[in-house]
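Quick notes on the structure that follows.
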Amino acid sequence: MSHRSLHWFRKGLRLHDNPSLLAACDGCEELWPVFVLDPWFVSNQRVGANRWRFLVESLQDLDNSLRQLNLRLHVVRGKPSEVFPELFKKWKVTRLTYEVDTEPYAVERDKEIDNLAAHHKVEVIKKVSHTLYDTNKVVSKNNGKVPLTYQGFQVLLNKLGPPPATVTSLNTQLLKGCKCSSVPEDGKVYEVPSLEELGVTCEYPALYPGGETEALARMERNLSNTNWICNFEKPKTEPNKLSPSTTVLSPYLKFGCLSARTFYFKLLEVYKNRKHTSPPVSLHGQLLWREFFTMVGAVTPNFDCMEGNPICRQIPWDDNQAYLTAWEQAKTGYPFIDAIMTQLRKEGWIHHLARHSVACFLTRGDLWVSWEHGQKVFEELLLDADWSLNAGNWMWLSASAFFHQYFRVYSPVAFGKKTDKNGDYIRKYLPILKKFPADYIYEPWKAPLGVQQAAGCVIGKDYPKRIVDHDVIRPINIKRMAAAYRNKAESTETQKNSKKRSKSDTDDLNESDVSSKKRTKKSSKKQESIGAFFSSC
Ligand code: FAD
């Protein structure tokens with residue numbers, strides 16, 4: 001029997017390695033590729049202008065690619081539960097296909113749509129292709145439990161073997177016999193929205209244009225640098241390089257413009273017969289971090305909150321709006337932190353260790369503001385904002401879950417200096433400080449008034465005074481963390497997990513605190529590899 005298929009693009013905005021899209025084409029007489037502009041994402045998610053632009057560009061690119069196959073993208077405005085019954089009837093749909101999404105909103109939404117489809121006698125086919133592995137399969141392989149350490153996760157994946165192979169890209173051959181729906185009469189209704197329609201104004205140029213075409217080109221550019229790929233060690237990349245020191249494939253992976261499996265197998269081709277680095281520090285290792293947090297996020301209740309989240313330590317964070325605003329608005333008075341937050345707002349992407357630095361500063365390091373607030377700011381400003389990855393990494397950095405060495409604190413002064421003594425990164429993102437001598441660029445409050453005046457920037461007038469004194473607040477916050485860790489009120493579940501985890505964690509994670517000095521020579525080698533592990537997450 002031939003089908004009238006509706007393929008629902010949500011993430012997975014691509015034609016390559018898209019098994020559910022191929023399932024739509026199988027035995028299909030007519031095909032409608034659809035994206036639903038769901039108002040939930042406007043009201044419930046904080047989506048900044050840069051990410052809206054990335055999405056619009058990705059949809060335009062997808063539409064262009066579909067048109068080359070004599071198809072088109074139909075962008076439907078409205079709630080999925082309201083638009084689908086209408087579309088099922090209007091287009092006489094018999095099959096609905098989509099990619100599995102494990103985020104809580106998506107799970108609920110998809111359940112409702114599956115029920116509606118059943119009601120309209122529409123067959124539903126869903127396939128896993130956002131992640132390397134099928135999350136449910138991984139968890140059931142582990143007797144329904146989730147490994148809460150990367151090492152445990154790796155052991156489990158080793159049992160599963162390599163991820164499933166990629167599938168072929170959509171092409172004319174696969175569409176043979178399938179009538180392509182161009183819907184001329186109401187074509188305008190289904191057009192890709194403009195930024196004006198969305199009410200979005202972008203202040204800054206796009207450094208990372210959205211779409212599958214750009215994703216594949218960016219991946220290939222990265223892959224062509226075989227030495228760099230084979231020697232990639234995440235902890236050795238730099239947070240404050242003027243051009244990114246990692247791939248910047250994250251926004252493309254987030255929206256599914258790039259298939260993680262495609263990237264994984266392309267890396268494997270580069271690695272073949274060459275000496276190369278390994279997880280957790282290699283690029284394969286980075287994809288496994290993505291997999292790890294997605295999996296834990298999929299099965300942990302309230303993963304993006306502190307309360308009701310069984311793996312999250314309950315820490316009595318302060319409710320300090322002034323600190324939060326200063327951090328968010330790049331006005332902490334610590335140039336390294338403010339430069340990172342400026343880059344984030346303007347460009348929508350910052351390096352992983354830059355994320356570490358500002359996340360640690362906001363939470364346990366300096367400001368003692370809850371990670372949930374930081375998570376929301378990242379959710380708005382990151383091009384790659386991803387529900388599971390964002391929450392998981394924020395819990396890690398605030399030592400609320402996964403990582404427990406809360407006494408390792410990033411210095412907002414010394415850490416940046418390690419890789420950028422002259423402060424060129426700060427000069428780029430905070431031009432008000434650009435004339436400061438290198439000696440003072442990380443600590444401008446220390447510059448004598450004459451030096452400040454000569455640099456055209458007086459601290460407290462042209463650039464804020466530092467919001468806290470790191471050297472004073474750090475030991476106070478460490479004590480507060482110690483108290484929170486001792487707190488008997490924390491759930492038995494957390495205690496049990498942390499006990500189980502503590503050995504492997506203390507063995508493997510560590511040393512971000514460049515202000516905690518005097519490592520003994522004896523332990524430095526071990527610490528280096530331990531440090532590599534910590535920084536790699
Ligand atoms: P590369 O180093 O080139 O790595 C390749 C890919 O591996 C990335 O694109 C990403 O998909 C994955 N990856 C790398 N590191 C991690 C990690 N620690 N956890 C999960 N996946 C990883 N990443 C997001 O994609 N979305 C987020 O919302 C997000 N929020 C974060 C919040 C905090 C507080 C921190 C510390 C990290 C966060 N990360 C997030 C993880 C990481 O910083 C980014 O994935 C990475 O910096 C993206 O740059 P890249 O593509 O050049 O990474």
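Which of the residues that make up region 40-62 are in contact with a strand residue (DSSP E or B) (Cβ under 8 Å, 6 or more places away or on another chain) and surrounded by fewer than 20 Cβ atoms within 10 Å (Cβ to Cβ)?
Within region 40-62, none qualify.
Which of (1) at pLDDT below 95; (2) assigned to a loop (DSSP other than H, G, I, E, B); (3) touching an Asp or Glu at 6+ places or on another chain (Cβ under 9 Å); (4) within 23 Å of SER388 (Cβ to Cβ) does GLN151 not meet, given it meets every other one?
For GLN151, the exception is condition (2).
Within region 200-233, track down each residue that is more than 12 Å from the ligand (Cβ to nearest atom) and of a type in the set (A, V, I, L, M).
VAL200, ALA206, LEU207, LEU216, ALA217
Within region 425-439, does at least one residue satisfy the condition of being modelled with pLDDT of 95 or more and within 16 Å of the ligand (Cβ to nearest atom)?
yes
Which residue out of GLY308, GLY333, GLY365, GLY348 is free of Cβ contacts under 8 Å to residues at least 24 places away in the same chain and not β-branched (Val, Ile, Thr)?
GLY308
Would you mind stating whether ALA322 is free of Cβ contacts under 8 Å to residues at least 60 places away in the same chain and either touching a Cys at 6+ places or on another chain (Cβ under 6 Å) or within 30 Å of CYS457 (Cα to Cα) (or both)?
Against the criterion (free of Cβ contacts under 8 Å to residues at least 60 places away in the same chain and either touching a Cys at 6+ places or on another chain (Cβ under 6 Å) or within 30 Å of CYS457 (Cα to Cα) (or both)), ALA322 qualifies.
I'd like to know if region 363-381 contains one or more residues that are within 11 Å of the ligand (Cβ to nearest atom), surrounded by fewer than 23 Cβ atoms within 10 Å (Cβ to Cβ) and assigned to a loop (DSSP other than H, G, I, E, B).
Within region 363-381, not a single residue is within 11 Å of the ligand (Cβ to nearest atom), surrounded by fewer than 23 Cβ atoms within 10 Å (Cβ to Cβ) and assigned to a loop (DSSP other than H, G, I, E, B).
Just checking, does region 314-328 include any residue being of a type in the set (S, T, N, Q), modelled with pLDDT of 95 or more, away from the ligand (no atom under 16 Å from the Cβ) and not in a loop (DSSP other than H, G, I, E, B)?
Yes.
Whether any residue in region 332-344 is within 16 Å of LEU381 (Cβ to Cβ), within 14 Å of the chain's Cα centre (by Cα) and within 15 Å of the ligand (Cβ to nearest atom) is what I want to check.
Among the residues of region 332-344, at least one is within 16 Å of LEU381 (Cβ to Cβ), within 14 Å of the chain's Cα centre (by Cα) and within 15 Å of the ligand (Cβ to nearest atom), which makes the answer yes.
For region 396-417, does any single residue satisfy the condition of being near the ligand (Cβ under 8 Å from one of its atoms), within 19 Å of the chain's Cα centre (by Cα) and part of a loop (DSSP other than H, G, I, E, B)?
The answer is no; no qualifying residue exists.
Being more than 24 Å from GLN375 (Cα to Cα) and in contact (Cβ under 8 Å) with a residue 40 or more places away in the chain, is that true of even one residue in region 475-486?
no
Being away from the ligand (no atom under 16 Å from the Cβ) and over 17 Å from the mean Cα position of the chain (by Cα): is that true of ALA454 here?
yes
Which ones in region 234-251 are within 10 Å of the ligand (Cβ to nearest atom) and free of Cβ contacts under 8 Å to residues at least 40 places away in the same chain?
THR247, LEU249
Could you grab me the full set of residues in region 261-280 that are part of a loop (DSSP other than H, G, I, E, B), touching a residue at least 40 places away in the same chain (Cβ under 8 Å) and farther than 12 Å from ILE229 by Cβ?
Those that are part of a loop (DSSP other than H, G, I, E, B), touching a residue at least 40 places away in the same chain (Cβ under 8 Å) and farther than 12 Å from ILE229 by Cβ: PRO279, PRO280.
Condition (residue is among the basic types (Lys, Arg) and closer than 16 Å to LYS241 by Cα) applied to region 372-392: is it met by at least one residue?
no
Pick out the one residue from THR262, THR237, THR277 that is surrounded by 17 or more Cβ atoms within 10 Å (Cβ to Cβ), closer than 28 Å to THR102 by Cβ and out of contact with any Pro (no Cβ under 7 Å at 6 or more places or on another chain).
Sole residue among the options that is surrounded by 17 or more Cβ atoms within 10 Å (Cβ to Cβ), closer than 28 Å to THR102 by Cβ and out of contact with any Pro (no Cβ under 7 Å at 6 or more places or on another chain): THR262.
For SER512, state whether it is outside any helix (DSSP H, G or I), under 24 Å from ALA330 (Cβ atoms) and at pLDDT below 50.
Against the criterion (outside any helix (DSSP H, G or I), under 24 Å from ALA330 (Cβ atoms) and at pLDDT below 50), SER512 qualifies.
All but one of (1) surrounded by 16 or more Cβ atoms within 10 Å (Cβ to Cβ); (2) out of contact with any helix residue (DSSP H, G or I) (no Cβ under 7 Å at 6 or more places or on another chain); (3) closer than 23 Å to GLY12 by Cα hold for GLY152; which doesn't?
Every listed condition holds for GLY152 apart from (3).
The values are calculated or read from the model by the stated rules, or taken from the named source; none is laboratory data. Please read all numbers here as calculations on a predicted model, not as lab measurements. With ideal geometry, Cβ positions are generated from the backbone for all residues, glycine too; neighbour counts draw on all protein chains shown.
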